[in-house]
Amino acid sequence: MTVPSPAAGAVRAPGRGRAPGRLVDPKLLLGILVVGALLVASLFTGVYDIWGADDGAAMFAITRVPRTIALVLAGAAMAMSGLVMQLLTQNRFVEPTTTGTTEWAGLGLLLVMVVAPEASLTARMIGAVVASFVGTVIFFAFLRRVTLRSSLIVPIVGIMLGAVVGSISTFIALRTNSLQIIGVWFAGSFTDIIRGQYEVLWITGLVGVAVFIAADRFTVAGLGEEIATNVGLNYPRMVLIGTGLIAVATGVVTVVVGNLPFLGLIVPNIVSLIRGDDLRSNLPWVCLLGIGIVTVCDLVGRTLIMPFEVPVSLILGILGAVVFIALLLHRRRRG
Amino acid sequence: MIRVTDVIKRYSSEVAIGPVDLTIEPGGIIALVGPNGAGKSTLLTMMGRLLGMDGGSISIAGHDVARTPSRELATIVSILRQENHFITRLTVRQLVGFGRFPYSQGRLTPADEQIIDRAISFLDLTGLEGRYLDELSGGQRQRAYVAMVLAQDTEYVLLDEPLNNLDMRHSVAMMRHLHDAAHTLGRTIVIVLHDINFACQYADRLCAMKDGRVVAFGTPEEIMTSEVLTDVFETTVEVIDGPRGRLAVYY
Ligand SMILES: Nc1ncnc2c1ncn2[C@@H]1O[C@H](COP(=O)(O)OP(=O)(O)OP(=O)(O)O)[C@@H](O)[C@H]1O
Ligand SMILES: [Mg+2]
């Protein structure tokens, strides 16, 4: 192993634990530029000829701009939800799709649409958010009872729970002839995002602000209930706030975009491997990487079989599974 | 002052801790000793409000631990548990910095940074402060946890087997440091120790537990006798006079 080097302390200069004050980190700036370029590419990718056609500019504003904004909001929201969930559960392998939260959101959405087919977008969203909250609370309650909190058992149970909830949804959908709703939800995609339908996604922006404000408290919560309580954090309240934020983000994204598997899992893990877990300075990176990955997946989905589209959830699923396995192997190696 | 009144913890129908009655006067080191399963950790975690009790009450410096808000208590008492495990990847310095959380809520001031520096250098971690915790040895990590608790800078400090994994040099250094803190700053440090000789050397009071109850409480001279120790640990212990006071011989 390496010898403790006295230089490490000297270089960091005492009193500079987290390098405060440096507002624009050059690396972060580079990241923003790269993701910005991807978003521009997203704006100008598509079958419709926005330069040539008469209504090109209008189409651009009606479809391309909303789609790109949706990529930004949904990508950042799901990545942050995953991060917060991992801190609250102290388990690296959980995120809304491995804990059943998205399935619950789907169920909530379906129930609202079955009970009130004409329900407004807001009503559907509330249904999804409430169901996600209930589902997450159930999952957390289960987690309090298991001892091996950091084990892989946790996401496996979460995925099973999700599968049960998902099949209940399918059953209800079969009985009420609404399978297409399930289908749309299952294949999360940005294809149908147009002006007038995506705006509620801005709510996830508020969630992001809340996570930024509470960043230090979430990091402390991530040290576990006991250490957190020792330093004076109201742990139960923090779990409640976190659950609420996750539920709102997941619910809203599920209603507007659909299922975005693994995003919340791979993004925080990659960031943590590279930068450690100082949440406040990591958050911009988590958002950026989340946006970057969804945007790339969406671009691939749009161009692969042009003029048709592959749902972004499919590509994310494949990419996510590969990264997930790589992470597992990597963590095993490090012990 | 720590006042423990009729405290009971029932884990199951067979296992119960207490009732424990105990008064710990402020200032000095109080060593909790006793065999495995005696209830030392249970009592300590209840004092540190990390574990609820099934009867009785505990107050620290006049604050009932069950009722005082956690945030207020965090500036009065700090606790380190026997086992610590978390998945968050933090550097030593970041971890120690969280000891300042009760005061700064995460926004460290220059004064906080100074206290962190001091805690880090007390525990001989200066060369390691930029390292991630998962890249440290067991003893180094243990020292980082203790540094975090010291950075919390509270009147009352509860430590559950802080010498776990420490080598001789660091064990002695830590005990000396705690002894200084107790005597120059007037801190009250309750510490679970398995090495009875360490306890005798550095503690001002020994509290012996067995089967969930306090069976002896007193000065090292009172507790460090062959009769008391043999009874508490249920193994033959001889006490001899060493160069620096009494020594228990049990092997
Ligand atoms: N969470 C728990 N659930 C059930 N029983 C428990 C629990 N924690 C401790 N116990 C039991 O309570 C008793 C006291 O345990 P405690 O951890 O307080 O002992 P200890 O004196 O700290 O022992 P050690 O020296 O081994 O750390 C033991 O019999 C133990 O089996
Ligand atoms: Mg113990």
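Which ones in the range B:147-164 are within 16 Å of ligand 2 (Cβ to nearest atom) and in contact (Cβ under 8 Å) with a residue 40 or more places away in the chain?
Just the residues of the range B:147-164 that are within 16 Å of ligand 2 (Cβ to nearest atom), to begin with: B:158-164.
Once the filter is applied, which keeps residues that are within 16 Å of ligand 2 (Cβ to nearest atom) and in contact (Cβ under 8 Å) with a residue 40 or more places away in the chain, the range B:147-164 yields B:Leu158, B:Leu159, B:Asp160, B:Glu161, B:Pro162, B:Asn164.
Considering each of B:Leu158, B:Leu150 in turn, give the residue that is outside any loop (DSSP other than H, G, I, E, B), within 16 Å of ligand 1 (Cβ to nearest atom) and closer than 27 Å to B:Tyr202 by Cα.
On the way: B:Leu150 fails: within 16 Å of ligand 1 (Cβ to nearest atom).
Of the residues listed, the single one that is outside any loop (DSSP other than H, G, I, E, B), within 16 Å of ligand 1 (Cβ to nearest atom) and closer than 27 Å to B:Tyr202 by Cα is B:Leu158.
How many of the residues in the range B:113-138 are acidic (Asp, Glu) and more than 9 Å from chain A (Cβ to nearest Cβ)?
Here is the first cut: in the range B:113-138, the ones acidic (Asp, Glu) are B:113, B:117, B:124, B:129, B:134-135.
Within this subset, residues satisfying the condition of being more than 9 Å from chain A (Cβ to nearest Cβ) are B:124.
The total comes to 1.
Of all residues in the range B:152-202, which are within 14 Å of chain A (Cβ to nearest Cβ), farther than 25 Å from B:Leu229 by Cα and under 15 Å from the mean Cα position of the chain (by Cα)?
Once the filter is applied, which keeps residues that are within 14 Å of chain A (Cβ to nearest Cβ), farther than 25 Å from B:Leu229 by Cα and under 15 Å from the mean Cα position of the chain (by Cα), the range B:152-202 yields B:Gln152, B:Asp153, B:Thr154, B:Tyr156, B:Val157.
Within the range B:15-35, is even one residue within 13 Å of ligand 2 (Cβ to nearest atom) and either assigned to a loop (DSSP other than H, G, I, E, B) or not assigned by TED's automatic domain parsing to the domain that holds B:Arg205 (or both)? Even if it seems obvious, please write down each step before you answer.
Step one: filter the range B:15-35 for residues within 13 Å of ligand 2 (Cβ to nearest atom), giving B:17, B:32-35.
Narrowing further to those that are either assigned to a loop (DSSP other than H, G, I, E, B) or not assigned by TED's automatic domain parsing to the domain that holds B:Arg205 (or both): B:34-35.
Scanning the range B:15-35 turns up at least one residue that is within 13 Å of ligand 2 (Cβ to nearest atom) and either assigned to a loop (DSSP other than H, G, I, E, B) or not assigned by TED's automatic domain parsing to the domain that holds B:Arg205 (or both).
Does B:Ile115 qualify as being surrounded by 15 or more Cβ atoms within 10 Å (Cβ to Cβ) and either within 16 Å of ligand 1 (Cβ to nearest atom) or in the same structural domain as B:Glu161 (by TED's automatic domain parsing) (or both)?
So B:Ile115 does not fit the description; no.
Condition check: within 14 Å of chain B (Cβ to nearest Cβ), surrounded by 24 or more Cβ atoms within 10 Å (Cβ to Cβ) and farther than 30 Å from B:Ala66 by Cβ. Does A:Leu316 satisfy that?
Judged against the criteria, A:Leu316 is not a match.
Test B:Met46 against the criterion of being over 28 Å from B:Ser121 (Cα atoms), part of a loop (DSSP other than H, G, I, E, B), at pLDDT 90 or above and not polar (S, T, N, Q), and give yes or no. Outline the logic, then answer.
Numbers: over 28 Å from B:Ser121 (Cα atoms): yes; part of a loop (DSSP other than H, G, I, E, B): no; at pLDDT 90 or above: yes; not polar (S, T, N, Q): yes.
Taking the combined requirement at face value, the residue does not satisfy it.
Run down B:Arg49, B:Arg100, B:Arg71, B:Arg89 and say which single residue is in the same structural domain as B:Leu166 (by TED's automatic domain parsing) and closer than 30 Å to A:Val271 by Cβ. Let's see the steps before the verdict.
Numbers: B:Arg49 fails: closer than 30 Å to A:Val271 by Cβ; B:Arg100 fails: in the same structural domain as B:Leu166 (by TED's automatic domain parsing); B:Arg89 fails: in the same structural domain as B:Leu166 (by TED's automatic domain parsing).
Exactly one of B:Arg49, B:Arg100, B:Arg71, B:Arg89 is in the same structural domain as B:Leu166 (by TED's automatic domain parsing) and closer than 30 Å to A:Val271 by Cβ, namely B:Arg71.
For (1) within 17 Å of B:Ala208 (Cβ to Cβ); (2) crowded, with 19+ Cβ neighbours inside 10 Å, each residue gets a yes or a no:
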site	(1), (2)
B:Thr5	no, no
B:Lys9	no, yes
B:Leu43	yes, yes
B:Gly55	no, no
B:Val65	no, yes
B:Val77	no, yes
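Given the conditions (1) farther than 25 Å from B:Gln140 by Cβ; (2) in contact with a helix residue (DSSP H, G or I) (Cβ under 7 Å, 6 or more places away or on another chain), which single one is not true for B:Ser59?
Against the list (1) farther than 25 Å from B:Gln140 by Cβ; (2) in contact with a helix residue (DSSP H, G or I) (Cβ under 7 Å, 6 or more places away or on another chain), B:Ser59 comes up short only on (2).
Mind counting the residues in the range B:1-29 that are within 15 Å of ligand 1 (Cβ to nearest atom) and at negative phi? Before the answer, list the steps.
Here is the first cut: in the range B:1-29, the residues within 15 Å of ligand 1 (Cβ to nearest atom) are B:4, B:7-20, B:22.
Now restrict to residues that are at negative phi: B:4, B:7-17, B:19-20, B:22.
Number of matching residues: 15.
Out of the range B:167-195, which residues are within 16 Å of ligand 1 (Cβ to nearest atom) and crowded, with 18+ Cβ neighbours inside 10 Å? Can you show your working first?
First, the residues of the range B:167-195 that are within 16 Å of ligand 1 (Cβ to nearest atom): B:190-195.
Within the range B:167-195, B:Val190, B:Ile191, B:Val192, B:Leu193 meet the criteria.
Where in the range A:190-308 are the helices (runs of 4 or more DSSP H), entirely inside, with at least 1 residues that are of a type in the set (D, E, K, R)?
Details: elements: A:202-213, A:215-221, A:225-230, A:235-256, A:263-275, A:279-304.
In the range A:190-308, the matching helices (runs of 4 or more DSSP H) lie at A:215-221, A:225-230, A:235-256, A:263-275, A:279-304.
Testing B:Asp160 on (1) assigned by TED's automatic domain parsing to the domain that holds B:Glu25; (2) on the phi > 0 side of the Ramachandran plot; (3) acidic (Asp, Glu), one condition comes back false. Which one is that?
Of the numbered conditions (1) assigned by TED's automatic domain parsing to the domain that holds B:Glu25; (2) on the phi > 0 side of the Ramachandran plot; (3) acidic (Asp, Glu), the odd one out for B:Asp160 is (2).
Can you find even one residue in the range A:278-297 that is surrounded by 22 or more Cβ atoms within 10 Å (Cβ to Cβ) and at pLDDT below 85?
yes
Where in the range B:203-251 are there strands (runs of 3 or more DSSP E), lying wholly inside it, with at least 2 residues that are closer than 30 Å to B:Ser12 by Cβ?
Counting at least 2 such residues, we get B:205-210, B:213-218.
Of everything in the range B:42-74, what is within 16 Å of ligand 2 (Cβ to nearest atom) and hydroxyl-bearing (Ser, Thr, Tyr)? Give them in sequence order.
If the condition is that a residue be within 16 Å of ligand 2 (Cβ to nearest atom) and hydroxyl-bearing (Ser, Thr, Tyr), then B:Thr42, B:Thr45 are the ones that fit.
Which residues, taken from the range B:196-244, are closer than 21 Å to B:Leu44 by Cβ, within 16 Å of ligand 1 (Cβ to nearest atom) and charged (D, E, K, R)?
Correct list: B:Lys210, B:Asp211, B:Arg213.
The values are calculated or read from the model by the stated rules, or taken from the named source; none is laboratory data. Please read all numbers here as calculations on a predicted model, not as lab measurements. Every residue, glycine among them, receives a Cβ derived from its backbone with ideal geometry; neighbour counts consider all protein chains shown.
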